[in-house]
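Just so it is clear, none of the values below were taken in a lab; they were calculated from the coordinates. Given the structure is predicted, the values throughout are model-derived calculations rather than measurements. Please note: Cβ atoms are built from the backbone with ideal geometry, for glycine as well, and neighbour counts cover all protein chains shown.
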């Protein structure tokens, strides 16, 4: 079971805990944020350090672009949301 910080174990708990949504209802922005947390949950938890969480999310998004899961435009749209 993967730890996502804030006492959340597993994707379902993290999804419900951070976004009050089932995993199937997550947006790309929310899912990419969660994808970066397990690397260092105490550091990348959005409740503890939003800036570091977003930096890690950028790494996830860059990899998604690199492997053609999303477009560069989708990545930029998500990053624009948290730079404002």
>> Please give the Cα centre distance for the stretch 1-26 versus the stretch 51-69, rounded to the nearest Å.
In response: 19
> Under 13 Å from the 7 Å Cα→Cβ point of residue 1, by amide nitrogen: which residues of the stretch 7-49?
Replying inline: 7-14
> Counting pairs of alpha carbon atoms under 8 Å apart in space and at least six apart in sequence, what relative contact order in percent does the chain give?
Replying inline: 21
> Arranged from highest to lowest average of other beta-carbon atoms within 10 Å per residue, in what order do the peptides 22-30, 1-9 appear?
Replying inline: 1-9, 22-30
>> Once you place label points 7 Å from the Cα toward the Cβ at residue 79 and residue 47, how far apart are they in nm?
In response: 2.9
> Does anyone have the angle between helix 10-19 and the longest principal axis of the chain? Alpha-carbon axes, 0 to 90°, nearest 10?
Replying inline: 80
